[in-house]
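Note sheet for the following structure.
The values are calculated or read from the model by the stated rules, or taken from the named source; none is laboratory data. Bear in mind the structure is a predicted one, so any value in this text is a computation, not a measurement. Quick reminder, even Gly has a Cβ in these numbers, built from the backbone with ideal geometry, and neighbours come from all protein chains shown.
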Amino acid sequence: MKKLVKNLIIYTVLILVSLEILVRIFYLGEDKPSRFVDEKRVEKWVPNQEGYSVTGNRNQNFIRYKINNSGFNSYQEYVSTQDGIEVALVGDSFIEGFHQPYKISIGRKVEQKLDDKIKVFEYGYSGYDMADQLHLIKAYKKDFDLIDRVYIKLKFSNDLGRGEYYVQESRLNLESPMNKLLKKSKLLIYFSEIGVVDPVKDLIKDLRDMVRGVEVKKAEKKETDSDDSMYLENFKSLVKLYGYDKKKTVLLMDETNTSKMFLDYLDENGFQHIDFGKAINNSKRKTTLVYDRHWNNYGRSIIADIIVSDMEKTGLVNSTGK
């Protein structure tokens with residue numbers, strides 16, 4: 001019996017080591033960048049990191065990222081000036097662009113369509129909601145005051161769940177010493193990405209909730225009119241707390257999935273907004289990745305076209321970028 005147990009332990013270790021080596025050889029486990037909260041209480045990536053983001057369980061999307069001095073994924077540094085035209089894209093992982101080479105991001109596509117006569121700064125970070133985004137703009141007010149146009153990607157049902165900014169401790173917990181130690185294993189990262197360890201995570205969470213006396217609910221939450229009203233009130237609260245420049249700020253939304261109540265409020269109160277839903281959803285070509293709902297290269301080109309068209313309509317640029 002002792003010999004059997006000993007052999008099982010030895011073979012298990014050898015199998016895990018072999019799998020770890022294979023995952024590293026074929027680069028199946030992505031490089032997880034580190035995050036932090038800066039002196040202005042803005043959560044972002046630790047500056048000057050480089051690595052590879054991997055999507056899909058067969059290395060379907062293998063993309064290099066580069067975090068600049070400002071803590072965001074970009075090929076360039078962000079230096080706002082009085083001269084020239086500068087545009088900011090603010091949003092979550094769709095703007096962050098870990099799913100596409102940073103050298104052909106949405107912002108870079110916009111620059112190229114306008115013959116590099118403008119600069120586009122991409123303030124994208126996975127998980128950002130409207131509170132994160134407006135807090136960011138207020139925190140870096142001096143920089144954003146010099147920017148000529150600000151596009152904020154907003155998903156009505158996801159990004160207005162709170163009416164005040166606070167640091168999301170759940171994301172920062174990923175930087176705990178234990179998680180940093182676990183991230184050294186590419187095999188564990190790979191298993192986490194493809195969902196192998198999800199049942200264990202769910203079990204631990206359910207047990208923790210039970211110990212705390214929290215009822216475990218599996219049913220999905222359905223949106224109601226009261227949710228729409230709450231989201232609208234949260235939007236009003238955020239605008240009041242952190243400010244909002246209506247003259248140069250534009251909400252970039254899929255309006256086919258946005259509450260009419262919210263759209264009517266925006267129109268009645270002078271908030272600029274543009275829709276990308278029709279162009280993305282009605283495209284004859286696929287606009288998202290195979291294993292992921294993020295935009296693929298073609299989808300990002302559509303978004304870039306929409307942004308360029310908006311700037312041309314407002315007179316900020318013309319077709320030659322002047």
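A few notes on this one:
- Unmet criterion (only one of (1) without any contact (Cβ under 8 Å) to a residue 12 or more places away in the chain; (2) assigned to a helix (DSSP H, G or I); (3) of a type in the set (G, A, S)) for S301: (1)
- In the range 145-156, the residues that are assigned to a strand (DSSP E or B) form Cβ pairs under 7 Å with partners that are of a type in the set (D, E) and modelled with pLDDT of 95 or more, at six or more places apart or across chains, as follows: K153/D92.
- Only one of G107, G97 that is under 17 Å from the mean Cα position of the chain (by Cα), closer than 27 Å to L160 by Cα and at pLDDT below 95: G97
- For the range 275-307, filtered to residues that are in contact with a Gly (Cβ under 7 Å, 6 or more places away or on another chain) and either within 15 Å of E255 (Cβ to Cβ) or of a type in the set (S, T, N, Q) (or both), the residue that is surrounded by the most Cβ atoms within 10 Å (Cβ to Cβ) is T287.
- Any chance D292 is among the acidic types (D, E), within 23 Å of the chain's Cα centre (by Cα), under 23 Å from H99 (Cβ atoms) and modelled with pLDDT of 95 or more: no
- Qualifying residue in the range 123-141 (condition: under 24 Å from H273 (Cα atoms), surrounded by fewer than 15 Cβ atoms within 10 Å (Cβ to Cβ) and among the basic types (K, R)): yes
- Number of the condition not met by N69 [criteria: (1) at pLDDT 90 or above; (2) in contact with a helix residue (DSSP H, G or I) (Cβ under 7 Å, 6 or more places away or on another chain); (3) surrounded by fewer than 16 Cβ atoms within 10 Å (Cβ to Cβ)]: (2)
- Filtered residues of the range 33-51 (kept if in contact (Cβ under 8 Å) with a residue 24 or more places away in the chain and of a type outside the set (K, R)): P33, S34, F36, V37, D38, V42, E43, W45, V46, P47
- Qualifying positions in the range 72-96 - without any contact (Cβ under 8 Å) to a residue 40 or more places away in the chain and either crowded, with 20+ Cβ neighbours inside 10 Å or not in a loop (DSSP other than H, G, I, E, B) (or both): E96
- In the range 110-132, residue nearest to I85 (Cα to Cα) [restricted to those that are free of Cβ contacts under 8 Å to residues at least 40 places away in the same chain and either over 17 Å from the mean Cα position of the chain (by Cα) or in a strand (DSSP E or B) (or both)]: V120
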